[in-house]
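**Student:** Encoded as structure tokens, here's the structure I'll be asking about.
The values are calculated or read from the model by the stated rules, or taken from the named source; none is laboratory data. Since this is a predicted model, take the numbers as computed values, not measurements. Because the Cβ atoms are built from the backbone with ideal geometry, glycine has one as well, and the counts that use them run over all protein chains shown. These area figures cover heavy atoms from the full protein model, side chains too; ligands, DNA and RNA do not enter into them. Shrake-Rupley method; radii C 1.70, N 1.55, O 1.52, S 1.80 Å.
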Amino acid sequence: MSQANWVLEETVDRSREIAEARAQLVELASQQGVTAVENPDDLKGLPPPDDAGDDDINQFLRLLREWRESDLTRVG
């Protein structure tokens, strides 16, 4: 078998596998009532009600350092 025929057979086999996998996903989505996203903004979500969006980065870094240090003392 020439290399060109081997590549063609490999491509046809992969195309079949992909089509079967796609069909299975479509069927599963249908069973679960999943629909396509029509508006990408729907994926954004909303911030938590108490999130004013003005978090202090220094406060966050202090908390992160405290959490890491407390984890290290618990492990050691």
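**Student:** Taking the options LEU46, LEU8, LEU72, name whichever one is at pLDDT below 75, part of a loop (DSSP other than H, G, I, E, B), hydrophobic (A, V, I, L, M, F, W, C) and open to solvent by 100 Å² or more (accessible area, probe 1.4 Å).
**Tutor:** Criteria check complete, one pass: LEU46.
**Student:** For LEU64, only one of the following conditions fails: (1) exposed (fewer than 10 other Cβ atoms within 10 Å of the Cβ); (2) of a type in the set (A, V, I, L, M); (3) modelled with pLDDT of 90 or more. What is its number?
**Tutor:** (1)
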